[in-house]
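Asks: Please see the structure below; I have some questions.
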Amino acid sequence: KKNDGKETAVATARNSSAPAADSKAAPTPATTDPAYLIGPEDVLDVNVWKEPDVSRVVPVRPDGRISLPLINDVQAAGLSPQQLAGTLTERLRKYLNEPQVTVIVTAINSQRVFVVGEVLRAGAFPMLPGMTVLQALSSAGGFTTFADVKKIHVVRLHNGKHVELPFNYREVLKGDNPEQNIKLEPGDTIVVP
């Protein structure tokens, strides 16, 4: 779902006669994908133009909702920034005249991959756009002395079932099987035996 070739994480719902920008410096978006769907634990900058008492940086709670003055709890998870901006605009119309809402995803915490086993730093890592197995392994700081780098595998939930995808570190580095260095999906777990 591209938006006429434009990619942005800034979603604005405003009328066309309104001024284009606020005077404060714009936060850096964490994603440039217009189809990105907000998830729990993401951080959003919700800016209501000329309404500093309503504007704020808010985390998405584990239940997928955010809290804002005047309108209380609003479902955010599962929506794009543009959709959420539209929802907030509609809800704020009861209290403000022609509200202009901008939603920017400033931190993506809902999309993670996991690295477990014989690595120096096992745990959850933020999934970057296009992240591969090799990149995730480098985030984990490398292998311990006992790692079996020929038997690494990615565990992925596919159609309700766990699927194991093999990854032989030595072969990938040599260039023998580069197709094993797949792009990761949110929730993937890399197991290093």
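The values are calculated or read from the model by the stated rules, or taken from the named source; none is laboratory data. This structure is a prediction, so every number in the text was calculated from the model and none was measured. Because the Cβ atoms are built from the backbone with ideal geometry, glycine has one as well, and the counts that use them run over all protein chains shown. Each accessible area value is taken on the protein alone, full model and side chains, heavy atoms only, with ligands, DNA and RNA left out. Shrake-Rupley method; radii C 1.70, N 1.55, O 1.52, S 1.80 Å.
Asks: Nearest 500 deg cm²/dmol is fine: what mean residue ellipticity at 222 nm does the chain get from its DSSP H runs of n ≥ 4 alone, each adding -39,500 (n - 2.57), divided by its residue count?
Replies: The per-residue figure over the chain is -3500 deg cm²/dmol.
Asks: Could you check the simple spin-label distance between Glu90 and Glu41, using points 7 Å along Cα→Cβ, in nm with one decimal?
Replies: In this crude spin-label approximation the distance works out to 3.0 nm.
Asks: Report, to two decimal places, the Cα Rg of the stretch 35-193 normalised by 2.2 N^0.38 Å (N = number of residues).
Replies: 1.35
Asks: If packing is taken as the mean number of other Cβ atoms within 10 Å per residue, what is the order of 177-185, 114-122, highest first?
Replies: 114-122, 177-185
Asks: Would you please give the FRET efficiency between Ile182 and Asp73, computed as 1/(1 + (r/R0)^6) with r the Cβ-Cβ distance and R0 = 45 Å, to the nearest 0.05?
Replies: So the FRET efficiency works out to roughly 0.75.
Asks: While we're on this one: If you stretched the chain out fully between Asp53 and Arg65, how much longer would it get, using 0.36 nm times the residue separation minus the C-alpha to C-alpha distance?
Replies: 2.4 nm
Asks: Calculate, in nm to one decimal, what Thr145 and Thr106 gain on full extension: separation in residues at 0.36 nm each, minus their alpha carbon distance.
Replies: Full extension of this stretch gives 10.3 nm more.
Asks: Separate question: What accessible area per residue, rounded to a whole number of Å², is obtained for the stretch 69-193 using a probe radius of 1.4 Å?
Replies: I get 55 Å² per residue for the stretch 69-193.
Asks: Then there's this: Number of Lys-Lys pairs in the chain under 29 Å by Cα, sequence gap 8 or more or different chains?
Replies: Close lysine pairs found across the chain: 18.
Asks: Would you work out what percent of the accessible area of the chain, with all protein chains in place, is carbon or sulfur (probe 1.4 Å)?
Replies: 52 percent
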